[in-house]
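Here the structure is laid out as structure tokens; the discussion comes afterwards.
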Amino acid sequence: MKTPTPQRLVEAAIRRFYRDGFRSVGLDQILSDVDISKTAFYKHFESKEDLMLAALESQNAWLQDKFRTMIRERGGPEPQAQLHAVLDVVDEILESDDFQGCIFVNAAMEFPLPHEPAHIAASQNKHAIEAIIHDLAVAAGAAGPRDLAQELCLIIEGAYVTRQVTGNRQTIDIARRLARRTLAAHGCASSDGAESRGDNSAADVPRS
């Protein structure tokens, strides 16, 4: 069955915006990728900004689902092991062939004003990922689960940006050390069987 045109436009926009940036990509480039006319485009979206927000919303929903799935695959059924698996997921993101940073950080950088719709969409994603980690921390019985979630998210974001900017392949090792110390400080130190498990062969890797 043929993919609906709005979905094709969103998928093409995600690829273009992630690779080339939001402001630098023109609508004509996306339409060329999808091979439709502007007349057809305006039947589905009011503007490039409208498409951009739809792309970010789609990526946010997909990323949350993929993030949860990858954590379960690598951490198994126990919440504490899943917390330790978070950095395995980050490692896979950093090592993906098309890694160019976090698409939401990129959006916030290109649209720095807090009231801009793209900036708001980026903020919503960061809060959503923090909520996922917070729920795991609560389930794991962590001391100060909110603080733990915020601290782990700060480590994750630092890993994304540092790897993107410096290209340092040791970034994940530094992030893992910090994460282990943070988890231990909140009563979630690794024990036998609490390390992540599973392989590293996800078919699709999140754009963080």
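The values are calculated or read from the model by the stated rules, or taken from the named source; none is laboratory data. Not measured: the values here are computed from a predicted model. Every residue, glycine as well, gets a Cβ built from its backbone with ideal geometry; the counts of neighbours run over all protein chains shown.
The rows are residues; the columns are (1) at pLDDT 95 or above; (2) under 13 Å from the mean Cα position of the chain (by Cα); (3) crowded, with 16+ Cβ neighbours inside 10 Å; (4) closer than 22 Å to Ala175 by Cβ.
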residue: Leu31; (1), (2), (3), (4): yes, no, yes, no
residue: Met52; (1), (2), (3), (4): yes, no, yes, no
residue: Ile93; (1), (2), (3), (4): no, yes, yes, yes
residue: Gly101; (1), (2), (3), (4): no, yes, yes, yes
residue: Ala108; (1), (2), (3), (4): yes, no, yes, yes
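Looking at region 54-81, which of the residues that are within 20 Å of Ala179 (Cα to Cα) and basic (Lys, Arg) is surrounded by the most Cβ atoms within 10 Å (Cβ to Cβ)?
The extreme case among them is Arg74.
Looking only at helices (runs of 4 or more DSSP H) that fall completely inside region 72-191, which ones have 2 or more residues that are more than 27 Å from Leu53 (Cα to Cα), of a type in the set (Lys, Arg) and free of Cβ contacts under 8 Å to residues at least 60 places away in the same chain?
171-185
State whether the residues of region 95-115 include one that is within 23 Å of Arg180 (Cα to Cα), out of contact with any Phe, Trp or Tyr (no Cβ under 6 Å at 6 or more places or on another chain) and not small (Gly, Ala, Ser).
Within region 95-115 (the criterion being within 23 Å of Arg180 (Cα to Cα), out of contact with any Phe, Trp or Tyr (no Cβ under 6 Å at 6 or more places or on another chain) and not small (Gly, Ala, Ser)), the answer is yes, since at least one residue qualifies.
Could you list, in sequence order, all residues of region 1-21 that are surrounded by 15 or more Cβ atoms within 10 Å (Cβ to Cβ) and either small (Gly, Ala, Ser) or touching a strand residue (DSSP E or B) at 6+ places or on another chain (Cβ under 7 Å) (or both)?
Ala12, Ala13
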